Protein chains: 2
Amino acid sequence: MEYSIGEFSRLTNLGIHTLRYYEHENLIMPKRNSSNRRCYSDKDLAWVEFIKRLKDTGMPIKEIQRYAELRAKGDLTLNERMEMLTVHCESLNEQIKVLQEHMAKLDDKIDFYRQKIERTSKG
Amino acid sequence: MEYSIGEFSRLTNLGIHTLRYYEHENLIMPKRNSSNRRCYSDKDLAWVEFIKRLKDTGMPIKEIQRYAELRAKGDLTLNERMEMLTVHCESLNEQIKVLQEHMAKLDDKIDFYRQKIERTSKG
DNA sequence: ATACAATGTAGAGTAAACTCTATGTCAAGA
DNA sequence: TCTTGACATAGAGTTTACTCTACATTGTAT
């Protein structure tokens, strides 16, 4: 299947402006039809979903750009891309660990509040 | 103990400019000495560490501002502050869950790469 | 033929959270 | 006394990632 930018925007939940911006930043390169309109494919769809995953886990656009660049070069860059993902996963792991620690501390604080409020309402 | 802004900057790992910015945004209100210099206390230190925790878990400055405002009003706002923290913890929980899902998918992708590379190097 | 909705480009504007610059004050050491 | 160096304020500039505006084309329904 092929999609116009409007359809693709609905499919991906990314605004039309955002899609054009991503293209400008060389993250996506949809084909064009005879009238210069963008034609997004299912492959583009899978790729955008992956981009969203990278973004949502904190990878900056610049780095996704680098990844996209490697991807465009084909299988010769498989190693390098795997390396990037591996490094990213390690930092994500760390990120999750830190958030869990914060979570524990915040839970403690909530307990502390609960007790303080109890005491206050009694006193 | 009391600290000058320079000392406090080193203690908190927040730049001097950032500390002044936080004050401008009403997050911190250090006392001043006779020459109008800021005097940070140990209480300010604990408070800044807490602000950092909120920030690092994704709470925007505006919301921390609101929390600081309540804090400044004293014990009458304990309930409201606990409510804020509770809501924040729920979203943090969700955030962690999402990240863990992303992590699993990225790990899958890395495995996929590993196999593809193996096949490629053999073929 | 014409209106209109979707699309195209180029470039300006926005929001958040800093970060830096310019300029001035002030206490302490040479 | 003079000169640093830390600090003060006000306001400008930066970065990231969009988001929007202005204006030109194009495809389709009337």
> within 16 Å of DNA strand C (Cβ to nearest atom) and within 9 Å of chain A (Cβ to nearest Cβ) - does that describe any residue in the stretch B:79-91?
Replying inline: yes
> Condition test on B:F112, is it exposed (fewer than 14 other Cβ atoms within 10 Å of the Cβ), among the hydrophobic types (A, V, I, L, M, F, W, C) and more than 16 Å from DNA strand D (Cβ to nearest atom)?
Replying inline: yes
> Which of the residues that make up the stretch A:22-39 are hydroxyl-bearing (S, T, Y) and either farther than 21 Å from A:K73 by Cβ or in contact with a Leu (Cβ under 7 Å, 6 or more places away or on another chain) (or both)?
Replying inline: A:S34, A:S35
>> Between a residue in the stretch B:18-37 that is more than 14 Å from chain A (Cβ to nearest Cβ) and any residue that is assigned to a loop (DSSP other than H, G, I, E, B) and near DNA strand C (Cβ under 8 Å from one of its atoms), which pairs come within a Cβ distance under 9 Å, given they are 6 or more apart or on different chains?
In response: B:Y21/B:G15; B:Y22/B:L14
>> Considering only residues that are within 14 Å of another protein chain (Cβ to nearest Cβ) and away from DNA strand C (no atom under 12 Å from the Cβ), which ones fall in the stretch B:45-65?
In response: B:A46, B:W47, B:E49, B:F50, B:R53
> Just a yes or no: is a residue in the stretch B:72-82 closer than 20 Å to A:H102 by Cα, at pLDDT 95 or above and more than 16 Å from DNA strand D (Cβ to nearest atom)?
Replying inline: yes
> Can you tell me which of A:E94, A:E80, A:E118 is among the acidic types (D, E) and under 18 Å from the mean Cα position of the chain (by Cα)?
Replying inline: A:E94
> Where residues in the stretch B:1-51 are β-branched (V, I, T) and surrounded by 15 or more Cβ atoms within 10 Å (Cβ to Cβ), which of them is nearest to the chain's Cα centre (by Cα)?
Replying inline: B:I51
> Checking B:D42 against (1) touching a strand residue (DSSP E or B) at 6+ places or on another chain (Cβ under 9 Å); (2) closer than 22 Å to A:H102 by Cβ; (3) within 16 Å of DNA strand C (Cβ to nearest atom), which single condition isn't satisfied?
Replying inline: (3)
> Does B:L70 meet the test of being away from DNA strand C (no atom under 15 Å from the Cβ), farther than 30 Å from A:C89 by Cα and facing chain A (nearest Cβ under 10 Å)?
Replying inline: no
> Would you pick out the residues in the stretch B:72-84 that are surrounded by fewer than 18 Cβ atoms within 10 Å (Cβ to Cβ) and touching a residue at least 12 places away in the same chain (Cβ under 8 Å)?
Replying inline: B:A72
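The values are calculated or read from the model by the stated rules, or taken from the named source; none is laboratory data. Note that the structure is predicted; figures quoted are calculated from it, not measured. Counting neighbours? That spans all protein chains shown, and the Cβs are built from the backbone with ideal geometry, glycine included.
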